[in-house]
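To keep things clear, I will list the structure first and then write my remarks on it.
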Amino acid sequence: MIRIAPVIPAMVLAGSLLTMPDCAQAQNDPVYSVQNGIVDQHTFNGYRRYGESCHRCHGPDGSGSSYAPSLVDSLKNLNYEQFAQVVINGRQNVTTSSNNVMPSFGLTPDVALYLDDIYGYLKARSDGKLERGRPKRADD
Amino acid sequence: MIRNVCGPKSRMDQRGINVARFRTSLLGCSILLGLGSAVVLGGPAAANDELTKLQGDANQWVMPAGNYANQRYSALDKITADNVGKMHPVWSFSTGVLRGHEGGPLVIGNVMYLSTPFPNNVFALDLNDNGKILWKYEPHQDPAVIAVMCCDTVNRGVSYADGKIFLSQADATLVALDAKTGKEVWSVKNGDPAKGETMTSAPVVVKDKVLVGISGGEFGVQGRMTAYNIKDGKLAWKAYSVGPDDQILFDPQKTMSLGHPVGANSSLSTWQGEQWKNGGGSVWGWTAYDPALNLVYYGSGNPGTWNPAQRPGDNKWSMTVFARDADTGVAKWVYQMTPHDEWDYDGVNEMILADINVKGKPVKALVHFDRNGFAYTLDRTNGDLLVAEKYDPAVNWASHVDPETGRPDVQKQYSTQAGGEDHNVKGICPAALGSKDQQPASFSPKTGVFYVPTNHVCMDYEPFKVSYTAGQPFVGATLSMFPPQGQQNLGNFIAWDASQGKILWSDPETFSVWSGALATAGNVVFYGTLDGYLKAVDMKTGKELYKYKTPSGIIGNINTYMHDGHQYIAVLSGVGGWAGIGMAAGLAGDTEGLGAVGAYKQLSNYTQLGGVLSVFSVD
């Protein structure tokens, strides 16, 4: 919360962020847990939010597409800070030869509120701890 | 900026504006309808005559699907099953754009016209001078629209009529250009990207009107088809897919569905409360026209949110074939293929009009290969259902379609509604990509057979609860896709008998076939593959006669034309679209158990981005 507050444009989400316990906890880079192939609730939520908001460009399971880079690869280099920066503010690379638009999600509650979860899920994929496809939940 | 409308406060304002706008447009619509019928008797016939005549000239390729019947057939026969083996590329043209290239060029006289994905540049190329650029049109669009395009920034081509080229821009602007100079004649705003409304499909000109649909099924738009006067871009009619009767242009007594009048509020009564306002039913496929019946035919897309539990009811008229009066837009008949969709089986695939024998009787048929895996043969005069059979044996979500009610017999095991929210339903075939997506099939009047590019992919699907925010995805399901159990090929190119509902032959392909087919009088059928091959196969057997690897994967449609006594085959390559997004890195499960085969399935190991037009000949 403290880290991403400066880059959130306007106050729109500030109130709700403060009430989110999982956001407030994040002192260090968000973590994930994968045990015997079963993920914790946050990581599963990250998978779901990824599916809702990122899949259509970054491809299934964060593995990249003809349209946007593989985030499984990106997270080998990007730390949480850098990840959050891009996702909150977006990034446009529009020139005569390229039309890359990474939208800004700073005002999208479904993403901004669950940034830690999305990062955790992608990090698990990037660290090779999670296979392709839907992760298993404890209550499956 | 698009993002400005996403805050909770301004979202309310936005909604307020929307409601107001619907009302205004309705008023405008009925007034214009009156005007429209008065105008029909005057000048408009000219453009219609011109196009109706031109579509019969095999030397040119004057509309996206080749003819009004959407047949993608050419009577040219210089390139034959005997000599196609000698075919070779003769010239090529780089579009300078990297994104997925769907659609294909038009050929009018000695000029070829083509459009690119975003930024939607249009080129006029001189066929008398090796494709020299006669003019180039570069729209200025806010790149923010890219953020609300579902699956790549594709554009499925331009249309021609009355000395003008019509372009559907990504940002929902419809533009008319002077075909000689490329100068803008008029432009009109057909939608609002801030709400996720965009345009990807090719416009179609019918008589004095140009018809355009709206994309945005993953953003909870209220889908519609809109007609503008080709002369000045004035609104002629607007027909929503979902909503009150006056918005969907239904006549409760005269609009028919499977032989019965639809009755009042046929759409509203199948939605809870105001859900229809984000009800989807987007219109982004290929439109057909029957001049004798004066009807236009097209399909509507998925209902808003992929989570079926959130929208009880049949969700009419999403997933529907519409037959509308070309002058007024009023629906003559409708048929909903997938009531209460639970799998994202959009109904937008092309309607092919063909006069064929069905079970021994001559019929004015409409043949449609739906995403849901069933191929439908309907009587296009009244919408009666004649045949509905699976065109991929893998299809399992429904056992059959009831010939009386027209409803699919959904298998509980594969019902994501029965499974409920937060339940992962496994092994559904086909995947959301459908047994076929928008890539159009072809029909040869000579053989009476349909030639169809298909997908052979299954999925797991888990719905979850979402809320609507203007301009944000309204999806509510996660899915993973994989090949049908025990199979390696993700696609097939098939020949289909629409009378019996039977596959005649089937050519397996490594990847989904995502290119529009072309059938010719030379007994050759052409299609392109995702790994970049242009292929020519024997019409009777499907035997491969020729292949050539173009610079990138093909998701464009194959065309043909004559110039200076030679027959040419033209195709855009440039991988992307939904296929590029789903398959670049291979499918889930490819790497589990399949090992090396999984890696082999990664499209990115075969092809990279880049738009190029390739032109072939045998001489």
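Spin-label model, residue B:605 to residue B:547: label points 7 Å out along the Cα-to-beta-carbon direction sit 1.6 nm apart. A convex hull fitted around the alpha carbon atoms of the protein assembly as shown yields 141 Å³ per residue.
Diffusion of segment B:242-384 by Stokes-Einstein, at 25 °C in a medium of 0.890 mPa s and with Rh set to the Kirkwood radius over alpha-carbon pairs, works out to 162 µm²/s. Per-residue 3J(HN,Hα) values for segment B:180-195, derived from phi via the Karplus relation 6.51 cos²θ - 1.76 cosθ + 1.60 with θ = phi - 60°, read 7, 10, x, 6, 5, 8, 7, 8, 9, 8, 9, x, 10, x, 4, 9 Hz in sequence order (x marks Gly and Pro). According to the calculation over all Cα-Cα pairs in segment B:352-415, the P(r) per 5 Å bin from zero is 4, 18, 26, 23, 16, 8, 3, 1 %.
Overall shape of segment B:492-544 was characterised from the C-alpha gyration tensor. The equivalent ellipsoid obtained from it has semi-axes of 18, 14, 9 Å, in decreasing order.
Counting only aspartates and glutamates at least 8 places from residue B:361 when in the same chain, those with an alpha carbon closer than 18 Å to its own are B:379, B:384, B:497. Each stretch of four or more DSSP H residues adds -39500 (n - 2.57); spread over every residue of chain B, this sum gives -3000 deg cm²/dmol at 222 nm. Classified by the C-alpha gyration tensor, segment B:50-131 has an oblate form. Its axis ratio a/c, with a ≥ b ≥ c, is 1.5 or above, and a/b does not exceed b/c.
Shielding of peptide A:87-96 by partners, expressed as the average count of other chain Cβ atoms within 10 Å per residue Cβ, is 2. Counting Cβ atoms of other protein chains within 10 Å of each residue's Cβ and taking the mean over peptide A:101-107 gives 6. Peptide B:137-147 has a mean shielding of 3, counted as Cβ atoms of other protein chains within 10 Å of each residue's Cβ. Using only the Cα atoms of segment B:472-582, each taken as one equal point scatterer with no solvent, compute I(q) by the Debye sum, divide by I(0), and report log10 of the ratio at q = 0.11, 0.14 Å⁻¹. For segment B:472-582 at q = 0.11, 0.14 Å⁻¹, log10 I(q)/I(0) is -0.43, -0.66. In segment A:10-137, the inverse of the mean reciprocal separation of distinct Cα atoms equals 15.0 Å; this is its Kirkwood hydrodynamic radius.
When a/c reaches 1.5 or more, the comparison of a/b and b/c decides; with that in mind, is segment B:239-290 rounded, prolate or oblate per its Cα gyration tensor? Verdict is oblate for segment B:239-290.
Most tightly packed first, judged by the mean number of other beta-carbon atoms within 10 Å of their residues, the peptides A:42-52, B:348-358, B:450-460, A:92-102 read B:450-460, A:42-52, B:348-358, A:92-102.
Amide hydrogen proximity for residue B:545: with H placed 1.01 Å from N in the peptide plane, the residues at 5 or more positions away or on another chain lying under 5 Å are B:536, B:537, B:538. Within the same chain, lysines fewer than 8 places from residue B:446 are excluded, and of the rest, those with a Cα less than 17 Å from its Cα are B:78, B:364, B:540. Where does the Debye-calculated log10 I(q)/I(0) of chain B sit at q = 0.07, 0.08 Å⁻¹, using only Cα point scatterers of equal weight, no solvent? Summing over Cα pairs of chain B leads to -0.37, -0.50.
Segment B:78-157 and segment B:167-219 have Cα centres lying 17 Å from one another. Cross-linked pairs B:164/B:234; B:164/B:195; B:183/B:209; B:195/B:436; B:183/B:231: Cα-Cα separations exceed 26 Å for B:164/B:195; B:195/B:436. Backbone amide hydrogens, once placed in the peptide plane, bring residue B:185 within less than 5 Å of B:176, B:177, B:178, excluding anything fewer than 5 places away on its chain.
Rule-based calculations on the coordinates, nothing more; no lab input. Just so it is clear, the structure is predicted and the values come from calculations on it, not from any experiment. Positions of Cβ are generated from backbone atoms using ideal geometry, with glycine treated the same way; all protein chains shown enter the neighbour counts.
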